[in-house]
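Structure first, then comments.
What follows is calculated from the coordinates using simple rules that are stated; it is not laboratory data. Everything numeric in this text was worked out from a predicted model, so none of it was measured. In this analysis, Cβ positions are derived from the backbone assuming ideal geometry, glycine residues included, and neighbour counts consider all displayed protein chains.
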Amino acid sequence: MQLVISGLSKTYSGGVRALDNVSMTIPTGMFGLLGPNGAGKSTLMRTLATLQDADSGTAKLGDLDVLKNKTEVRKLLGYLPQEFGVYPRTSAVTLLRHLATLKGVGTSSKERNEIVEALLARVNLFDVRNKAVSTYSGGMRQRFGIAQALLGDPRLLIVDEPTAGLDPGERNRFYNLLSEVGESVIVILSTHIVEDVKQLCSQMAIIHRGKLQFAGSPSEAEKTLAGRVWTRTMAKSELTFLKDMNILSTKLIEGRPVVRVLEDHAPSPQFDATEPNLEDVFFSHIQ
Ligand SMILES: Nc1ncnc2c1ncn2[C@@H]1O[C@H](COP(=O)(O)OP(=O)(O)OP(=O)(O)O)[C@@H](O)[C@H]1O
Ligand SMILES: [Mg+2]
């Protein structure tokens, strides 16, 4: 199954064009949606999750018109929003049972309870299932968020910046869980962490100011800059020499600026040719 998005546009009442004629095809597997703050990632995800309408364009999941057949889509959909609120003083197992009932999961309450317990085990929260979700750490809460998104075996799983604020261990656990799911369903993951897309996603897109900048695999993305990225470590006092160059990034490494530029030829003999990385591609599209 594929999700085919064509010509999707959305302008908010304030005049912001959050999606500008976006088209892309998303296959089964992990798909990374990369963009800076305000790029339009959440707008796209909420639209695909049937929570808001686009002004124009279409999205089709197989034969299903995602923007028109909302009720049908919701049966196939799991969604973890960027801001995920939980009820106070309600345990994970109670809350998940409640959400399962709302979603119409299981034919009897016995079956529903079994599904809920299996999901809590899958996201590694079984031992703490009777604790209030509001007392969970950020990582536990996100894993609970995935459990609720996985209710009803979705074919399309949409997760909006799910790892913000997670420590590296929790982030890894969360991503292992997602990529397991991604073996059989479409998982769309938004993030501004380039490294996450590189590690996890076989296909990706970069959006900026509502416009699609790139779609393809991370390695194809890197190839687009082959032979054009140059790097140099320099003293802070030398940074003024860079003013006419097309700078991708300036980072401090052990306190010294390391600059990466995008030019067809070495900007000066002090620069070394280097392999483009995904972050270079990201910066080249958002400047
Ligand atoms: N309900 C709204 N009303 C008006 N403008 C909005 C609304 N929601 C989003 N926007 C604007 O639309 C643009 C895209 O926002 P969106 O939340 O989709 O970006 P994002 O890529 O998810 O950003 P972030 O990484 O910060 O979550 C932004 O300029 C934002 O201010
Ligand atoms: Mg967002």
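Annotations
- Working note: Karplus 6.51/-1.76/1.60 with θ = phi - 60° gives segment 55-68 the couplings 7, 7, x, 9, 9, 10, 9, x, 8, 7, 7, 5, 7, 9 Hz, where Gly and Pro are set to x.
- Vicinal HN-Hα couplings computed from phi for segment 210-217 (Karplus, 6.51 cos²θ - 1.76 cosθ + 1.60; Hz; Gly/Pro x): x, 10, 6, 9, 7, 9, x, 8
- Checking every one of the GluC sites (Glu not before Pro) in segment 234-284 against DSSP loop status and a limit of 11 other Cβ atoms within 10 Å picks out E254.
- A simple charge model with +1 on the Cβ of Lys and Arg, -1 on the Cβ of Asp and Glu and nothing else charged puts the dipole of the chain at about 900 debye relative to its Cα centre.
- Gaussian network model of the chain, springs between alpha carbon atoms under 10 Å - residue of R173, R46, R97 with greatest fluctuation: R173
- Cα Rg over Rh - segment 132-287, Kirkwood: 1.07
- Candidates S137, S184, S219: whichever shows maximal mean-square fluctuation once the chain is modelled as a Gaussian network with Cα springs under 10 Å: S137
- GNM on the chain, alpha-carbon springs under 10 angstrom: the most fluctuating residue among I26, I115, I188 is I115.
- Under Karplus coefficients 6.51, -1.76 and 1.60, residue-wise ³J(HN,Hα) of segment 230-236 in Hz, glycine/proline x: 10, 9, 7, 8, 9, 7, 4
- The chain shape via C-alpha gyration tensor axes, a/c threshold 1.5: prolate
- With neighbours defined as other Cβ atoms within 10 Å of a residue's Cβ, the residues H98, H192, H265 order from fewest to most as H265, H98, H192.
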